[in-house]
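The next block holds one structure in the form of structure tokens; read it before the comments.
The values are calculated or read from the model by the stated rules, or taken from the named source; none is laboratory data. All values derive from a computational prediction rather than experimental measurement. Methodologically, a virtual Cβ is constructed for each residue, glycine included, from the backbone with ideal geometry; neighbour enumeration extends over all protein chains shown. The accessibility values were calculated without ligands, DNA or RNA, using every heavy atom of the protein model including side chains. Shrake-Rupley method; radii C 1.70, N 1.55, O 1.52, S 1.80 Å.
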Amino acid sequence: QVDYIGEPVTQLAHALQAADRARASGDPELMLAALLHDIGHLADPNAPQMADLGTVNHEGLAQDLLLKLGCSARVAQLVGGHVDAKRYLMRRPSYAGKLSEASRQTLAHQGGPMSDLEAVTFEENPLHRDVLRVRAWDEAAKVPDAEVPGLDFWRPLLLDHLLAPRPGETYGGQR
């Protein structure tokens, strides 16, 4: 299990906690986005790093990887937007105090708080409310020794998603 950059949990524990928190939504794509939101930190061991704070543009790497693997555009976009959600929320004075130290440190590498124009653009994204939900689950998923379902619990949901037909595809990511 890989440590989760400056957090009291591993990457796996963080992912599983985020997915478990998303379960109450009843939305399989939200659950998968929560589970996979940080996979970009693990996707390319040679990718540029943010000092000792993880992979540069992990959200973009994750979005690209998920699309290549056959995930829906919605799951990929939810994952790809979770850093922008942090940048958006940083416009609220109360939000910074809710972030972990590691998350505050990565913010500087991720562009800092959004400008007014960036925030307007973010709000125009039809998925922005769901992206904010993924972000909330991300922030809450850092509890040491939390008891949540393991990877085996999520396997059927992921396989069903990958094998689901999508317009223009015969199955999963294969055309």
Return a yes/no flag: does the range 87-110 have any residue that is open to solvent by 30 Å² or more (accessible area, probe 1.4 Å), at pLDDT below 95, outside any helix (DSSP H, G or I) and among the hydrophobic types (A, V, I, L, M, F, W, C). yes
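Within the range 103-152, how many residues are charged (D, E, K, R) and closer than 20 Å to Gln11 by Cα?
9
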Search the range 55-77 for residues being touching a Leu at 6+ places or on another chain (Cβ under 6 Å) and within 20 Å of Arg133 (Cβ to Cβ), and hand back the single one that is surrounded by the fewest Cβ atoms within 10 Å (Cβ to Cβ). Gln77
Which of the residues spanning the range 30-73 are of a type in the set (Gly, Ala, Ser), at positive phi and without any contact (Cβ under 8 Å) to a residue 60 or more places away in the chain? Ala51, Gly54
Within the range 115-135, residues closer than 17 Å to Ser25 by Cβ and free of Cβ contacts under 8 Å to residues at least 12 places away in the same chain come out as Pro126, Arg129
Hits in the range 15-41 - residues which are open to solvent by 20 Å² or more (accessible area, probe 1.4 Å) and touching a strand residue (DSSP E or B) at 6+ places or on another chain (Cβ under 8 Å): His41
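Please go through the range 116-142 and give me each residue that is assigned to a loop (DSSP other than H, G, I, E, B) and modelled with pLDDT under 95, ordered by number. I'd like the intermediate steps shown before the answer.
So the first thing to find is which residues in the range 116-142 are assigned to a loop (DSSP other than H, G, I, E, B), and the list is 125-127, 141-142.
Passing the criteria: Ala141, Lys142.
So, Asp52, is that one open to solvent by 30 Å² or more (accessible area, probe 1.4 Å), charged (D, E, K, R) and either in contact with a Ser or Thr (Cβ under 7 Å, 6 or more places away or on another chain) or modelled with pLDDT of 95 or more (or both) or not?
Details: open to solvent by 30 Å² or more (accessible area, probe 1.4 Å): yes; charged (D, E, K, R): yes; either in contact with a Ser or Thr (Cβ under 7 Å, 6 or more places away or on another chain) or modelled with pLDDT of 95 or more (or both): no.
When the stated conditions are applied, Asp52 does not pass them.
When you look at Arg155, is it over 15 Å from Asp38 (Cβ atoms), buried (at least 17 other Cβ atoms within 10 Å of the Cβ), modelled with pLDDT of 95 or more and of a type outside the set (Gly, Ala, Ser), yes or no? I'd like the intermediate steps shown before the answer.
Numbers: over 15 Å from Asp38 (Cβ atoms): yes; buried (at least 17 other Cβ atoms within 10 Å of the Cβ): no; modelled with pLDDT of 95 or more: yes; of a type outside the set (Gly, Ala, Ser): yes.
So Arg155 fails the test.
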Within the range 46-61, track down each residue that is hydrophobic (A, V, I, L, M, F, W, C) and farther than 11 Å from Thr106 by Cα. Ala47, Leu61
